[in-house]
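Q: Once you've had a glance at the structure underneath, I'll fire off some questions.
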Amino acid sequence: MLRRLRIENFVLIREADLPFGPGLNAVTGETGAGKTILAQAIGLLLGAPGDAGYLGPGAEEAYVEAELDLPDELLQEEGLEAIADLRPEGEEGLVAARRVFGDGRTRAYAWGRAVPREDLATLVERLLAMSGQFEQRRVARPSFQLDVLDAFIGEEQLRRRSEHARAWRELMAARRRQEELARAEAGRAERLVELRELVERTKGFEADGEERLRGQRERLLHVTELADAASAAGEALAPEVGEKEGAGELVAQAAARLAPVSALAPELAEAYGELGEAEVRIREVAASLRGFLASLEAEPGRLEEVESELERIVDARRRFQSASYEELLSRAAAAHAELEAVDAGVDPLQEAGEEVAVAEARAEELSTSLSGARRGAAEAFSEAVAGELQGLGMGDGEFRAEVSEREAGPRGRDEVAFLIRPNPGLPFAPVAETASGGELSRVALALRAVAHAGAGEPTVVFDEIDAGIGGRTAHAVASALGRLAERAQILTITHLPQIASAAETHFRVEKVPGDPTHTRIERLSEPERREEVERMLGGAEFLEKVAQQ
């Protein structure tokens, strides 16, 4: 849902911070107060172009920002990868924004990071649908019409569609692999030679081989310093020849001086024991240092061997264009596995063809199931929408959903066209080309009233839905909005009291005189809401006259 909308210096709106509620939200106000400005601000987030006229008096820029809930699975959809990577860790929602500069240029932002306007609009359109000018573009899109019909069919259809989309991706991947192998078939002999060379030249390479060899080289390059240090330390601890006393001998002498009196004082006994342990440890360390010296002397020529091995690794990485030693080993393992398959008589191209055939059969099975459900539900869907349209003041409400075949794709092999007949005797025509702005809003309401479940629109904004209607039709529209608000968040900009009185959250737009004049939008308390609905009905005096009649 749309949690909050912030607007700054946008036309007449200096500043507005609007916390929306779940269910039905209504925005009302006198004609000319600025309700349309609110719709324009939301339109910016849906990709509307910028305009220097959007800047308020004296402002250098205008700014619109929305906080919306964002399901994790939505960012995993194809085409949203780039913007998904910008989502901060731990952030549950989406912060979407547009900034308009003085020359009409704009910048789009997601979580405060600049993004292409089209990318932001694509994501926001999945979270927030808006009637009016945007509905014409939306309803005209075949993918939207297919989404609505599938949502009407139900959860099982949506599950099939999800499975088909996954099967289609697997089919495309299988076809790409087959094409790659087919292209490589002409040079297969050369490829096998290269694979065998890769395996041969990496024979004996171990997982940590390069790092281990570099460590050995560093040690061998400093063998003299290592030998001098170890020899001097060993002599200082326990000299092998001569009369010189080492640390071990001195500790032994200290222990001997304490031995006769250690029984007289516990403190001396403890010191005597520690000196004995120290003497043993010193002589062990001295022996270890001599062993280290012996190992250095036993490695003549090893430096040359290490340098040769490292050079072999560098040559192999250069030859097979590997960025790292790990990549070289990975490619060698893959080459070894492919050669084993070839030696076993397995044909990779044939295997790829079999994988394609299996993937095609699975996609075809699911596509057939999707098509059957769509064609079987088209008539019932048309009747349900027509019934809603009749109640919403759309004449006879003649509506038809035509399912036709198209080239197969991730959504199956069908496309749907929504057609209406606004007046008897006229031919059916596409909804987006025939209906006016207000009629489109009511068509959108009718579609969502019968098929919103699973349609992927947590928030729907209705603008102009009450154009040219009143009386009984107004009550029908309010009732339909109320039913839809039980399943989604609805924001409606209206001048009808029937609709405003049905809302759970109510905002009032009013023009504040001054220099310059500006528009204020505020959320109403319950008493303020009753006053606003009373004003919409004609005011207290008018209502009193009606009651007297």
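Q: Run through all the Cα pairs of the range 14-78 and give the fraction in each 5 Å bin from 0, expressed as whole percent.
A: Bin by bin from 0 Å, the calculated values are 3, 10, 19, 22, 20, 12, 8, 4, 1.
Q: Let me ask something additional. Per residue, how large is the accessible surface of the chain? Use a 1.4 angstrom probe and give square angstrom. Intermediate results must be reported in sequence, preceding the final value.
A: Numbers: 28650 Å² over 549 residues.
I get 52 Å² per residue for the chain.
Q: On to the next question. In square nanometres, what is one fourth of the surface area of the convex hull spanned by the alpha carbons of the range 316-375? Mind showing how you got there, number by number?
A: Numbers: hull surface 27.1 nm².
Dividing the Cα hull surface by four gives the mean projection, 6.8 nm².
Q: Ok, one more. I need to check one value: relative contact order of the chain, counting alpha carbon pairs closer than 8 Å and at least 6 residues apart, in percent.
A: Values: 818 pairs, mean separation 131.0, N = 549.
Answer for the chain is 24 percent.
Q: Below 8 Å between Cα atoms, with a sequence gap of 6+, how large is the relative contact order for the range 255-356 in percent?
A: Working: 22 pairs, mean separation 10.2, N = 102.
10 percent.
Q: Right, another one. Using a simple charge model, +1 on the beta-carbon of Lys and Arg, -1 on the beta-carbon of Asp and Glu, nothing else, what dipole does the range 159-218 show about its Cα centre, in debye to the nearest 20?
A: Numbers: 17 positive and 14 negative charges, 134 e Å.
Roughly 640 debye, rounded to the nearest 20.
Q: Follow-up. Compute the normalised compactness of the range 208-320: alpha-carbon radius of gyration over 2.2 N^0.38 Å, N being the residue count.
A: Numbers: Rg = 22.2 Å, N = 113, 2.2 N^0.38 = 13.3 Å.
Working it through for the range 208-320, the quotient is 1.68.
Q: Which residue, chosen from Leu213, Ala173, Ser330, occupies the Cα position most advanced towards the positive end of the dipole of the chain, where the dipole is computed from +1 (Lys, Arg) and -1 (Asp, Glu) charges on Cβ about the Cα centre?
A: Ala173
Q: Here's a follow-up. DSSP H helices in the chain with Cα extent of 24 Å or more along the helix axis and mean Kyte-Doolittle hydropathy at least -1.0? Don't skip to the end; give the middle numbers.
A: Numbers: long enough: 155-185 (45 Å, -1.70); 266-297 (47 Å, 0.06); 302-319 (26 Å, -1.22); 325-343 (27 Å, -0.05); 348-391 (62 Å, -0.21).
The qualifying helices are 266-297, 325-343, 348-391.
Q: Cα atoms only, the range 282-361: Rg and Dmax in Å?
A: 24.2, 77
Q: A follow-up question, please. Which label belongs to the value computed from this structure, given these candidates for volume of the Cα convex hull per residue in Å³: [x] 133; [y] 213; [z] 341?
A: Computed from these coordinates, volume of the Cα convex hull per residue in Å³ corresponds to label [z].
Q: Lys/Arg Cβ at +1, Asp/Glu Cβ at -1, dipole of the chain taken about the Cα centre: which of Thr31, Ala59, Ala184 is farthest positive-ward?
A: Checking the options against the dipole of the chain, the answer is Thr31.
Q: A follow-up question, please. Can you give the direction-averaged projected area of the convex hull of the alpha-carbon atoms in the range 332-452, in nm²?
A: Numbers: hull surface 46.4 nm².
The Cα convex hull of the range 332-452, projected and averaged over all directions, gives 11.6 nm².
Q: Rounding to the nearest 20 debye, state how big the charge dipole of the chain is about its Cα centre with +1 on each Lys and Arg Cβ and -1 on each Asp and Glu Cβ.
A: Working: 66 positive and 103 negative charges, 502 e Å.
The calculated dipole for the chain is roughly 2400 debye.
Q: For the range 1-119, give the magnitude of the charge dipole about the Cα centre (Cβ charges: +1 Lys/Arg, -1 Asp/Glu; no others), in debye to the nearest 20.
A: Details: 12 positive and 22 negative charges, 124 e Å.
I would put it at about 600 debye.
Q: For the range 1-160, what is the convex hull (Cα atoms) projected area averaged across all directions, in square nanometres?
A: Working: hull surface 43.3 nm².
Average of the hull's projected areas for the range 1-160 equals 10.8 nm².
Q: Another question, then. Using +1 at the C-beta of Lys and Arg and -1 at the C-beta of Asp and Glu, which of Leu12, Pro513, Pro71 has the Cα lying farthest in the positive direction of the dipole of the chain?
A: Of the options given, the answer is Pro513.
Q: So, one more: Counting trypsin sites (Lys or Arg not before Pro) as exposed when in a DSSP loop with at most 10 other beta carbons within 10 Å, what is the longest stretch of the chain free of them? It would help to have the intermediate numbers written out before the result.
A: Numbers: sites that count: Lys203, Lys244.
That gives 245-549 as the longest site-free run.
Q: Quick one: Cα centre-to-centre distance for the range 83-107 and the range 340-382, in angstrom?
A: Cα centroid to Cα centroid, the span is 39 Å.
Q: Right, something else. Give me the Kirkwood hydrodynamic radius of the range 345-393 in Å, from all C-alpha pairs, to one decimal place?
A: One over the average 1/r among Cα pairs gives 14.1 Å for the range 345-393.
Q: While we're here: Give me the percent of the accessible area of the chain that comes from carbon and sulfur atoms, probe 1.4 Å, all protein chains in place.
A: Details: 14130 of 28650 Å².
Within the chain, the accessible surface is 49 percent carbon and sulfur.
Q: Which is the longest part of the chain that has none of the GluC sites (Glu not before Pro) sitting in a DSSP loop with at most 11 other Cβ atoms within 10 Å?
A: Values: sites that count: Glu60, Glu78, Glu89, Glu91, Glu92, Glu206, Glu240, Glu243, Glu486.
That would be 244-485.
Q: Ala380 to Arg191: FRET efficiency via 1/(1 + (r/R0)^6), r the Cβ-Cβ distance, R0 45 Å, to the nearest 0.05? Could the numbers behind the result be given before it?
A: Numbers: r = 57 Å, r/R0 = 1.26.
That gives a FRET efficiency of 0.20.
The values are calculated or read from the model by the stated rules, or taken from the named source; none is laboratory data. All values derive from a computational prediction rather than experimental measurement. Backbone-built Cβ (ideal geometry, glycine too); neighbour counts: all protein chains shown. These accessible areas exclude ligands, DNA and RNA; they are computed on the full protein's heavy atoms, side chains included. Shrake-Rupley method; radii C 1.70, N 1.55, O 1.52, S 1.80 Å.
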